[in-house]
Amino acid sequence: MLGGMTRLVLTVVGDDRAGLVQSLADVVSEHGGNWETSELAELAGAFAGIVLVSVPDARLEELSRALENLDGLLRITVHGGAAPADARPGRRFTFSVLGNDRPGIVRDVTGILTRHGITIDLFSSQTREAPMAGGTLFEATVTARVPEDTDVTQAIGDLEQLAGEIQVDLSLVDD
């Protein structure tokens, strides 16, 4: 293929119904695009997600117009110039949080990351009913990127202290 490729991040939102992903995949494919990575979910009756696609430079405008035509089905916002995650500097680490749900868990965890200059590559969370004890559990998996000049041990210590204070389990995952 002659010419370069442009990577785009698409944010998508619509009323949940069958065929939404297929419609988006058809448009991307019809314009020579490649669906690289996605995180898609049904949330309270709405379908939402992000999709990373690459498209030949020569077909970028054509794809953008075609995506606008899906507006009755999905509201799509196109963000250009996506760099590969591996091209960004820093070390990655992953951890999980599990405990009784309460307001502020996400704020508290992300506040520690921000104070240490750590960025989030992936944050996936959900609440679910506790199988035996009753109540609602909060569960999250976080992959974060630590700048080369940052000591991750202090951030992990702060996360462990928080876990004790708010009574959640914090587990580091080997990357």
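Computed from the coordinates by the stated procedures, all read-outs in this text should not be read as laboratory data. Bear in mind that the values here come from a model prediction, so they are computed numbers and not experimental data. A quick note on method: Cβ atoms are made from the backbone with ideal geometry, for glycine too, and the neighbour counts reach across all protein chains shown.
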Flag if Ser96 is surrounded by 13 or more Cβ atoms within 10 Å (Cβ to Cβ) and touching a Gly at 6+ places or on another chain (Cβ under 7 Å): no
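Starting from residues that are β-branched (Val, Ile, Thr) and touching an Asp or Glu at 6+ places or on another chain (Cβ under 6 Å), keep the ones in region 117-150 and report whichever is farthest from Gly99 (Cα to Cα).
For region 117-150, the residue satisfying everything is Thr143.
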_Any residue that is over 17 Å from Met5 (Cα atoms) and within 19 Å of the chain's Cα centre (by Cα) - is there at least one of those in region 51-72?_
no
What do you reckon, is Val53 within 22 Å of Gln126 (Cα to Cα) and buried (at least 16 other Cβ atoms within 10 Å of the Cβ)? no
Here the residues within region 154-175 that are assigned to a helix (DSSP H, G or I), farther than 15 Å from Gly104 by Cβ and of a type outside the set (Asp, Glu) are Gln154, Ala155, Ile156, Gly157, Gln161, Gly164
Considering region 17-41, residues that are surrounded by 12 or more Cβ atoms within 10 Å (Cβ to Cβ) and of a type in the set (D, E, K, R), and then whichever is nearest to Arg65 (Cα to Cα), we arrive at Glu30
Checked region 1-58 for anything among the acidic types (Asp, Glu) and either touching a strand residue (DSSP E or B) at 6+ places or on another chain (Cβ under 8 Å) or touching a residue at least 24 places away in the same chain (Cβ under 8 Å) (or both); matches are Asp15, Asp16, Glu30, Glu36, Glu39, Glu42, Asp57
- Query: Just to be sure, is Gly157 in contact (Cβ under 8 Å) with a residue 24 or more places away in the chain and either surrounded by 11 or more Cβ atoms within 10 Å (Cβ to Cβ) or small (Gly, Ala, Ser) (or both)?
  - Reply: no
